[in-house]
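A short write-up of the structure that comes next.
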Amino acid sequence: MNKSILTLAVTAAILGQTLSQQASAAGFIEDSKATFSLKNFYFNQDSRNEDGAGTPRSDEWGQAFFLDFKSGFTEGPVGFGLDVLAMHAIRLDGGGDADKAASQLDRRPGALFPLESNGKAKRDFGRVGVTGKMRFSKTEARLGTLMPKMPVLTYNDGRLLPQMFHGAQVTSNEIKDLTLTAGKIEHSTERNSSDSYGLSIAGANSGSRAQFSNEFYYGGADYKPTKDLLLQYYYGNLRDFYKQHFFGLVHDWKLPVGALKSDLRYFYSDSDGKNESSSGRAEGYRSSGANGSSGEVDNNLWSAMFTYSLAGHALSAGYQKVTGNSDFPHINLGTGRTLHLITNAQVGKFASAGENTWVAGYAYDFAAIGVPGLKTSLTYFSGDDIDAAGSDNKEWERNFRVDYTVQEGMLKGVGLSWRNAALRGNDTRDQDENRLIVSYSLPLF
């Protein structure tokens, strides 16, 4: 628990020093907010067709604690503020056994917690994310820990602790209905780690020739010409790996009966720097991709998703097509990622070179029949024509989810979630996965 004590001590020191210096800055204090949150997470993933008999499953359970402090801004033309996010996770059941050889393990650790040198999950780990911020007019600059949600980069929160990025970002809302964003990311702290790492992509993120970059530049615009229409353009560049352009359109159409949401997306990705040359790719600056490809980033991805909703029901259908010789490029250190794709499934991403994917889903909000807080959804993904060894590989995944938030009584605000997935195909490991999550947030001030 030494790291837990250190985490709390650092947080207290930062908050104490900041509040002392800003005691006369009314906006900093009056507009500040703090939330204490709990997250209990059980994770089980069983691989069905890995090489060797008796392949261990991933099976871990942990409890996380979060203290999220967000200050206001000091008064004056230029305001300053500070955000601090402290988090700590305690292992309740880590899987594995340090006294056994790897081939004898029936439960593989590492999904939720970092590993000790003996291969066993650590008892606990934690981190503190600090972000300085500055505001002028309707423009805000942030430096430090970032948790972006953009088409070209989205943090992942699929485990006990979330992924965190580190860099600088500027967001401007000076023009009505237009949001402009630009920034630079240098490091990532992965979901099961307290350490920061450089950035890489699949094909270059592991092995003796693994390569990393500390320069991901991005910028974009969100424009709402009407209240029902959103137009987007974003650009991302991971130096020496890839350049990426994104165009998006989201439209909500109220029908005489129900409503229809249209979501159109297009990514164009090309090579950058060392990935452009054969010598650079020989050094390890490569992308995963089609069988026999050179490892150079070459990818186009477009998709369309349509959702019809009526009285608590939501029925969706979509299609995604990938062309080019490489897989869809994105920041990926091999420990999990979230992509701005209609195929961002619980386990798979359906973004391999040449892959075509159909998506169908159904969701229901039980508030429509007098049970607020209860929601459920079922989604099916079917991908084929994957350009891999043997060509024309296929995969499919089914996701089922139930969420409930207690509405009243002593447990009001407690969230319960069960997320189940099954992935099958000849291009991937067959996997069954369950996530059970209990969460609760308490505003402190």
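The values are calculated or read from the model by the stated rules, or taken from the named source; none is laboratory data. Everything numeric here is computed off the predicted structure, so don't read it as measured data. Reconstructed Cβ throughout: ideal geometry from the backbone, glycine too, with neighbour counts over all protein chains shown. With ligands, DNA and RNA removed, areas are computed over all heavy atoms of the protein, side chains included. Shrake-Rupley method; radii C 1.70, N 1.55, O 1.52, S 1.80 Å.
Can you pull out every residue in region 374-394 that is more than 24 Å from Asn344 (Cα to Cα) and either of a type in the set (Phe, Trp, Tyr) or surrounded by 18 or more Cβ atoms within 10 Å (Cβ to Cβ) (or both)? Break it down into steps so the answer makes sense when it comes.
To start, the set of residues in region 374-394 that are more than 24 Å from Asn344 (Cα to Cα) comprises 390.
Once the filter is applied, which keeps residues that are more than 24 Å from Asn344 (Cα to Cα) and either of a type in the set (Phe, Trp, Tyr) or surrounded by 18 or more Cβ atoms within 10 Å (Cβ to Cβ) (or both), region 374-394 yields nothing.
Filtered by the rule that a residue be more than 16 Å from Phe43 (Cα to Cα), in contact with a Ser or Thr (Cβ under 8 Å, 6 or more places away or on another chain) and among the charged types (D, E, K, R), region 407-445 gives Asp427, Arg429, Asp430. On the stretch given as region 196-227, residues that are open to solvent by 70 Å² or more (accessible area, probe 1.4 Å) and over 30 Å from Arg91 (Cβ atoms) total 8. Within region 237-262, if we keep just the residues that are aromatic (Phe, Trp, Tyr) and in contact with a Ser or Thr (Cβ under 8 Å, 6 or more places away or on another chain), the residue that is surrounded by the most Cβ atoms within 10 Å (Cβ to Cβ) turns out to be Phe241.
Take the conditions hydroxyl-bearing (Ser, Thr, Tyr), open to solvent by 60 Å² or more (accessible area, probe 1.4 Å) and under 18 Å from the mean Cα position of the chain (by Cα) and apply them to Tyr234. Does it pass? Even if it seems obvious, please write down each step before you answer.
Numbers: hydroxyl-bearing (Ser, Thr, Tyr): yes; open to solvent by 60 Å² or more (accessible area, probe 1.4 Å): no; under 18 Å from the mean Cα position of the chain (by Cα): yes.
No.
This table checks each residue for (1) among the hydroxyl-bearing types (Ser, Thr, Tyr); (2) in contact (Cβ under 8 Å) with a residue 60 or more places away in the chain.
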residue	(1), (2)
Thr335	yes, yes
Leu416	no, no
Ala421	no, yes
Asp427	no, yes
Arg435	no, yes
Val438	no, yes
Pro443	no, yes
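Among the residues of region 321-338, those identified as under 13 Å from Gly295 (Cβ atoms) and assigned to a loop (DSSP other than H, G, I, E, B) are Gly324, Asn325, Asp327, Pro329. So which of Ala210, Ala202, Ala221 is among the small types (Gly, Ala, Ser) and either under 21 Å from Arg142 (Cα atoms) or part of a strand (DSSP E or B) (or both)? Result of the check over Ala210, Ala202, Ala221: Ala221.
When the residues of region 295-320 are filtered to those that are over 30 Å from Pro256 (Cβ atoms), part of a loop (DSSP other than H, G, I, E, B) and at pLDDT 95 or above, the one that is nearest to the chain's Cα centre (by Cα) is Val297.
Hey, can you tell me all the residues within region 351-373 that are in a strand (DSSP E or B) and among the charged types (D, E, K, R)? Spell out how you get there, then give the answer.
First pass over region 351-373, keeping only residues in a strand (DSSP E or B): 356-365.
If the condition is that a residue be in a strand (DSSP E or B) and among the charged types (D, E, K, R), then Asp365 is the only one that fits.
Being touching a Ser or Thr at 6+ places or on another chain (Cβ under 9 Å) and farther than 19 Å from His245 by Cβ narrows it down to one residue among Val347, Val297; which is it? Checking each option against the conditions leaves just Val347. Number of residues in region 334-358 that are within 17 Å of Asn300 (Cα to Cα) and open to solvent by less than 30 Å² (accessible area, probe 1.4 Å): the value is 13.
Annotation note: Cβ proximity below 7 Å between a residue of region 134-163 that is under 30 Å from Thr74 (Cβ atoms) and among the basic types (Lys, Arg) and a residue that is open to solvent by less than 30 Å² (accessible area, probe 1.4 Å) and assigned to a strand (DSSP E or B) (sequence gap 6+ or interchain) occurs for Arg135/Gly79; Lys138/Ser172; Arg142/Thr131; Arg142/Lys133. Counting only residues that are touching a strand residue (DSSP E or B) at 6+ places or on another chain (Cβ under 8 Å), open to solvent by 30 Å² or more (accessible area, probe 1.4 Å) and modelled with pLDDT of 95 or more, region 173-195 holds 10 of them. If you check Gly126 against the conditions, is it modelled with pLDDT of 95 or more and surrounded by 19 or more Cβ atoms within 10 Å (Cβ to Cβ)? The answer is yes for Gly126. For region 97-120, indicate whether the set of residues that are at pLDDT 90 or above and open to solvent by 50 Å² or more (accessible area, probe 1.4 Å) is non-empty. There is no residue in region 97-120 that is at pLDDT 90 or above and open to solvent by 50 Å² or more (accessible area, probe 1.4 Å). Leu315 fulfils the conditions (1) open to solvent by 50 Å² or more (accessible area, probe 1.4 Å); (2) free of Cβ contacts under 8 Å to residues at least 40 places away in the same chain except for a single criterion, (2).
When region 404-413 is filtered for residues that are touching a residue at least 12 places away in the same chain (Cβ under 8 Å), surrounded by fewer than 17 Cβ atoms within 10 Å (Cβ to Cβ) and at negative phi, the ones remaining, listed by number, are Val406, Gln407. Within region 278-285, the presence of at least one residue that is in a loop (DSSP other than H, G, I, E, B) and either more than 16 Å from Glu395 (Cβ to Cβ) or in contact with a Gly (Cβ under 7 Å, 6 or more places away or on another chain) (or both) is confirmed. Filtered by the rule that a residue be open to solvent by 50 Å² or more (accessible area, probe 1.4 Å) and under 30 Å from Leu301 (Cα atoms), region 428-445 gives a lone residue, Arg429.
Yes/no matrix, rows are residues, columns are (1) more than 30 Å from Gly62 (Cα to Cα); (2) in a loop (DSSP other than H, G, I, E, B):
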{"residue": "Arg159", "(1), (2)": "no, yes"}
{"residue": "Pro162", "(1), (2)": "no, yes"}
{"residue": "Thr179", "(1), (2)": "yes, no"}
{"residue": "Asp240", "(1), (2)": "yes, yes"}
{"residue": "Leu260", "(1), (2)": "yes, no"}
{"residue": "Leu264", "(1), (2)": "yes, no"}
